[in-house]
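Have a look at the structure below, then the notes.
The values are calculated or read from the model by the stated rules, or taken from the named source; none is laboratory data. For clarity, every value in this text was computed on a predicted model and none was experimentally measured. No Cβ is skipped: glycine too gets one built from the backbone with ideal geometry, and neighbour counts run over all protein chains shown. Surface accessibility is based on the protein's heavy atoms, side chains included, excluding ligands, DNA and RNA. Shrake-Rupley method; radii C 1.70, N 1.55, O 1.52, S 1.80 Å.
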Amino acid sequence: MPATTSTAPGKIILFGEHAVVYGRPAIAAPVKEVRARAVVKANPRGPAGEIRIQAPDLGVEAELGQLLAGDPLARAVRGTLAALRLSSPPAMNLRVTSTIPIAAGLGSGAAVSVAVIRALSAFLGRPLRDEQVSSLAYEIEKIHHGSPSGIDNTTITFEKPIFFVKSKPVQIMQVSLPFSIVIADTGIASSTAASVGQVRRAWGAHKDHYEALFDSAGAVAEAARQCIEHGLVESLGPLMDANHGILSKMGVSSPELDHLVKAARAAGAWGAKLSGSGQGGNMIALVSTKTGPQVAEALLEAGAVRAILTQVANPR
Ligand code: PMV
């Protein structure tokens, strides 16, 4: 059997994080500059059923049976075998690597799952359809926090800009005019579970207030969809600023994120916001081709540990 390789991109949430967990719409896009990669090879000397897993970026080097049942890599492998109804697979080696920063809101967990599910199912001669890949990856997302919206696994599986509503069919977006985003990392680990849990407790204690915040975020995402579909790129800037304000009111920003958001605006970005679960991780800034390099530079000077320039566009 020939070796099989699959890769999957990172992702950013452009609008609507957190509110999306409560049924409001959100917009996300793949980040192709960073990727997770899974390679599956036959191990002709191994006994049937033995699957050796090597994932240096995740600190994993083990046989499948040695990994805890809740381990995300073990879940991806077992979930794929179960979907294929294979109880005794041939001996294989799985190697997983990734350039997607971990715990930074860029979807590294979902990207690893998608790459593993695709590489393994293709190696076994029965590549799974996108819908199956995404729904298997969604099951693994539940390890990270109990009530994921599904936006990460969907954006990463389809590798296209999406307008997303929880439990509804995926809507691929038409990007009338491509636009540029600088992604900058605070360098502070962000726990999706902690942040989503904090919002859930606050929502439980102040339901009307949080429902109103979620409604506002949903309205911003709807307006942003119109701008993206009609090529009104600059108008997305104030919408990003508004979304950041709403996320701050939800309590998921941080002094470091606020500092980078201000630095981006001062350096000429049209708008900026945190992206993902917040309290650390990444922020994004909307830039032109002219302001992109200077905004990236200003963000690094303001303390970002990394800046990535990416484009949101229709897939070719
Ligand atoms: O995984 P992150 O940090 O990009 O957060 C995902 C976005 C949330 O809306 C906070 C959670 C979710 O499941 O949609």
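Each Lys or Arg adds one and each Asp or Glu takes one away; over the other residues whose Cβ falls under 10 Å from the Cβ of residue 38, this sums to +3.
Per-residue extension of 0.36 nm, minus the Cα-Cα distance of residue 174 and residue 48, leaves a gain of 40.7 nm for this segment. For the listed peptides 169-180, 253-264, 295-306, a ranking on the average number of other beta carbons within 10 Å per residue, highest first, reads 253-264, 295-306, 169-180.
Sorting 184-193, 281-290 by their mean Cβ neighbour count within 10 Å, with the most densely packed peptide first, gives 281-290, 184-193. For the stretch 172-180, the Karplus equation 6.51 cos²θ - 1.76 cosθ + 1.60, evaluated at θ = phi - 60°, returns couplings of 6, 8, 8, 9, 5, 10, x, 9, 10 Hz by residue, with Gly and Pro reported as x. With axes computed from alpha carbons, what is the tilt in degrees of helix 130-144 against the longest principal axis of the chain, rounded to the nearest 10 within 0 to 90? Here the helix axis deviates by roughly 80 degrees. Note that the stretch 77-93 has calculated 3J(HN,Hα) couplings of 5, 5, x, 5, 4, 5, 5, 8, 6, 10, 8, 10, x, x, 5, 9, 10 Hz, one per residue in order, obtained from phi through the Karplus relation 6.51 cos²θ - 1.76 cosθ + 1.60 (θ = phi - 60°); glycine and proline are x. Once you reduce the stretch 106-124 and the stretch 1-73 to the center of their Cα atoms, the two points are 4 Å from each other. Pick out, from 216, 13, 243, the residue whose Cα sits farthest towards the positive end of the charge dipole of the chain, with +1 on the Cβ of Lys and Arg and -1 on the Cβ of Asp and Glu. Comparing the listed Cα positions along the dipole, 13 ranks first. Entry note, the chain: the mean residue ellipticity at 222 nm calculated from DSSP H runs of n ≥ 4, each adding -39500 (n - 2.57), is -12500 deg cm²/dmol after division by the residues and rounding to the nearest 500.
At a probe radius of 1.4 angstrom, the accessible area of the stretch 71-127 per residue rounds to 34 square angstrom.
Starting from the Cα gyration tensor of the stretch 1-152, take the square roots of the eigenvalues, sort them a ≥ b ≥ c, and report rounded, prolate or oblate (rounded when a/c is under 1.5, otherwise prolate if a/b is larger than b/c, else oblate). Prolate. Against the main long axis of the alpha-carbon atoms of the chain, helix 236-250 sits at an angle near 80°.
Count Lys and Arg as plus one, Asp and Glu as minus one, and take only other residues whose Cβ is under 15 Å from that of residue 196; the net charge is then +2.
The Rg/Rh ratio for the chain, using Cα coordinates for both the radius of gyration and the Kirkwood hydrodynamic radius, is 0.99. Rounded to the nearest 0.05, the FRET efficiency derived from the C-beta distance between residue 189 and residue 68 at R0 = 25 Å is 0.75. With respect to the chain, whose longest principal axis is taken over its alpha-carbon atoms, helix 192-205 is tilted by about 50°. Using a Förster radius of 35 Å, what is the FRET efficiency between residue 222 and residue 289 based on their Cβ-Cβ separation? Nearest 0.05, please. Approximately 0.80, to the nearest 0.05.
Per-peptide packing, taken as the mean over residues of other Cβ atoms within 10 Å, places 42-55, 68-81 in the sequence 68-81, 42-55 from highest down. For the pair residue 142 and residue 234, the difference between a 0.36 nm per residue extended length and the Cα-Cα distance amounts to 29.5 nm. Holding the Cα-Cα limit at 21 Å, pick out from 32/142; 142/166; 32/262; 11/290 the pairs that are longer than that. As for pairs spanning more than 21 Å Cα to Cα, those are 32/142; 32/262; 11/290. Placing a label point 7 Å from the Cα of residue 207 along the Cα-to-Cβ direction, the residues of the stretch 215-248 whose backbone N falls under 16 Å from that point are 215. The Cα center of the stretch 129-151 and the Cα center of the stretch 222-276 differ in position by 26 Å. Element breakdown for the stretch 91-221 at a 1.4 angstrom probe: carbon and sulfur atoms account for 54% of the accessible area.
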